[in-house]
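Read the structure below first, then the notes.
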Amino acid sequence: MLIDSHCHIDFEEYAGRIPQILEEMARNQVTHALCVCVNLADFPRVLALAESHFQLFASVGVHPDQIEDASPTVNDLVERARHPKIVAIGETGLDYYRQNGDLEWQRARFRTHIRAARECGKPLIIHTREAGEDTLRIMREEGASQTGGVMHCFTETLELARAAIDLNFYISFSGIVTFKNALAIKELAKSVPLERMLIETDSPYLAPVPQRGKTNQPGWVRHVAEEIARLRGISLEAVAKATSANFFRLFKPDFIL
Ligand SMILES: [Zn+2]
Ligand SMILES: [Zn+2]
């Protein structure tokens with residue numbers, strides 16, 4: 001059993017294709033996927049997917065790259081997080097790679113998400129890119145370790161991974177780990193403890209080898225797990241078992257059918 005801890009299959013490219021997406025998951029023994037919200041306008045679509053399919057869970061949040069969207073209030077998030085299929089707050093975080101200028105709005109938005117997570121007791125899905133120091137500082141200042149969560153699609157240093165683990169967070173690997181030239185990420189995938197690791201596709205982005213260049217989908221998280229198994233010299237089953245157990249320990253979904 002494998003779980004895709006981060007995908008965006010509510011996006012338009014999947015319209016009308018959800019049955020095929022779920023079939024491809026089943027073919028690859030991918031039992032569940034977490035559909036991650038990127039703005040409040042799309043939240044009803046994300047929730048509807050999770051409500052209609054036992055394989056899918058969802059989150060609520062406004063992505064740090066959603067520059068035109070108004071930042072949510074703590075209440076906006078907490079209200080929407082009450083639903084039992086909403087298992088996390090996010091994605092949130094800091095992105096100094098894609099955004100520049102005065103990014104105080106991004107930091108404020110990140111703080112709001114951490115406060116909401118603490119209020120509703122659900123874990124955080126954190127996106128961090130070239131903003132490691134500020135991400136950690138804000139996580140500490142806002143008490144993110146109280147809810148824990150996941151550093152998704154992790155591409156930063158081992159030092160940052162360790163600091164996040166110390167704050168009660170998991171480290172999630174995407175299809176990047178399968179890319180030939182991603183040597184630093186391959187090293188990371190060997191060093192992060194298995195009991196702190198999650199796997200994801202970040203669909204529609206980052207399709208893993210051998211599907212590279214296509215529109216990614218949750219079923220293909222299997223390739224991520226296979227590469228991590230190969231790198232660590234362990235079985236695919238061992239990676240599947242550990243990362244699925246981690247998923248359930250972190251997100252504690254109320255019902256699993
Ligand atoms: Zn992200
Ligand atoms: Zn994402």
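The values are calculated or read from the model by the stated rules, or taken from the named source; none is laboratory data. Just so it is clear, the model here is predicted, and its values are computed rather than measured. Note that each Cβ is placed from the backbone with ideal geometry, even for glycine, and that neighbours are counted across all protein chains shown. Please note that ligands, DNA and RNA were not included when accessible areas were found on the heavy atoms of the full protein model with its side chains. Shrake-Rupley method; radii C 1.70, N 1.55, O 1.52, S 1.80 Å.
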Once you sort the root eigenvalues of the Cα gyration tensor of region 135-228 as a ≥ b ≥ c, which label holds: rounded (a/c under 1.5), prolate (a/b larger than b/c) or oblate (the other case)?
-> prolate
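Find the accessible area per residue for the chain; the probe is 1.4 Å, ligands and nucleic acids are left out, and the unit is Å².
Values: 10760 Å² over 257 residues.
The answer is 42 Å² per residue.
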Could you run the Karplus curve 6.51 cos²θ - 1.76 cosθ + 1.60 with θ = phi - 60° over region 111-125 and give me ³J(HN,Hα) per residue in whole Hz, x for Gly and Pro?
-> 4, 4, 5, 5, 5, 5, 4, 5, 5, 9, x, 10, x, 9, 10
Ratio Rg/Rh, restricted to region 1-50 and using Cα atoms, in which Rh is the Kirkwood radius | 0.97
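Show me the ranking of peptides 160-172, 187-199, 99-111, 136-148 by mean Cβ neighbours inside 10 Å, starting with the highest.
Values: 160-172: 20.5, 187-199: 18.8, 99-111: 14.9, 136-148: 17.0.
Ranking the peptides 160-172, 187-199, 99-111, 136-148 by packing returns 160-172, 187-199, 136-148, 99-111.
Do you know the relative contact order of the chain, to the nearest whole percent, from alpha carbon pairs under 8 angstrom that are 6+ apart? Don't skip to the end; give the middle numbers.
Numbers: 537 pairs, mean separation 53.3, N = 257.
Taking the mean separation of contacting Cα pairs over the length of the chain, I get 21 percent.
What percent does the relative contact order of region 1-87 come to when contacts are Cα pairs within less than 8 Å and at least six residues apart? Intermediate values should be presented prior to the final figure.
Values: 112 pairs, mean separation 23.2, N = 87.
For region 1-87, the relative contact order is 27 percent.
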How big is region 1-98 on each of its three principal axes, counting only the C-alpha atoms and giving the largest first in Å?
-> 39, 31, 25
Pop a pseudo-label 7 angstrom from the Cα along the beta-carbon direction at both ALA41 and ASP254 and give the gap in nm to one decimal.
-> 2.9 nm
With R₀ set to 35 angstrom, the calculated FRET efficiency between the beta-carbons of SER145 and ARG212, to the nearest 0.05, is 0.45
When the Karplus curve 6.51 cos²θ - 1.76 cosθ + 1.60 is applied with θ = phi - 60°, which whole-Hz ³J(HN,Hα) does each residue of region 96-103 get, with x for Gly and Pro?
-> 8, 7, 8, 10, 9, x, 7, 9
Among THR201, THR112, THR73, what's the order by accessible area (1.4 angstrom probe), most exposed first?
-> THR73, THR112, THR201
For VAL74, what charge total do you get from the other residues with a beta carbon under 14 Å from its beta carbon, if Lys and Arg give +1 and Asp and Glu give -1?
-> +3
Protein chains only, probe 1.4 Å: how do ARG118, ARG212 rank by accessible area, largest first?
-> ARG212, ARG118
Cα-based Rg then Dmax for the chain, in Å, read 16.7, 46
Once the in-chain neighbours fewer than 8 apart are removed, the lysines whose Cα is under 26 Å from LYS214 read LYS180, LYS186
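Of the listed peptides 10-21, 42-53, 240-251, what is their order by residue-averaged count of other C-beta atoms within 10 Å, with the highest listed first? List each step's numbers first, then the result.
On the way: 10-21: 13.7, 42-53: 17.8, 240-251: 19.5.
The packing order, highest mean first, is 240-251, 42-53, 10-21.
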How high is the relative contact order of region 134-257, given as a whole-number percent (alpha carbon pairs under 8 Å, six or more residues apart)?
-> 21 percent
Rg(Cα) / (2.2 N^0.38 Å) computed for region 77-185, rounded to two decimals = 1.07
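Based on the mean of other beta carbon atoms within 10 Å per residue, what is the order of 25-31, 35-41, most packed first? Each step should come with its number before you reach the end.
Working: 25-31: 17.3, 35-41: 21.4.
Peptide ranking by packing, descending: 35-41, 25-31.
Starting from the Cα-Cα distance between ARG82 and ALA108, subtract it from 0.36 nm times their residue separation and give me the gain in nm to one decimal. Could you put the intermediate results ahead of the total?
Working: separation 26, 0.36 × 26 = 9.36 nm, distance 2.27 nm.
Here the segment from ARG82 to ALA108 would lengthen by 7.1 nm.
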Of the accessible area of the chain, computed with a 1.4 Å probe and all protein chains kept, carbon and sulfur make up a percent value of 50 percent
Lysines near LYS122 by alpha-carbon distance under 28 Å, same-chain residues fewer than 8 away left out - which ones?
-> LYS85, LYS241, LYS252
Charge dipole magnitude, Cβ of K and R +1, D and E -1 - the chain, Cα centre, debye nearest 20 = 740 debye
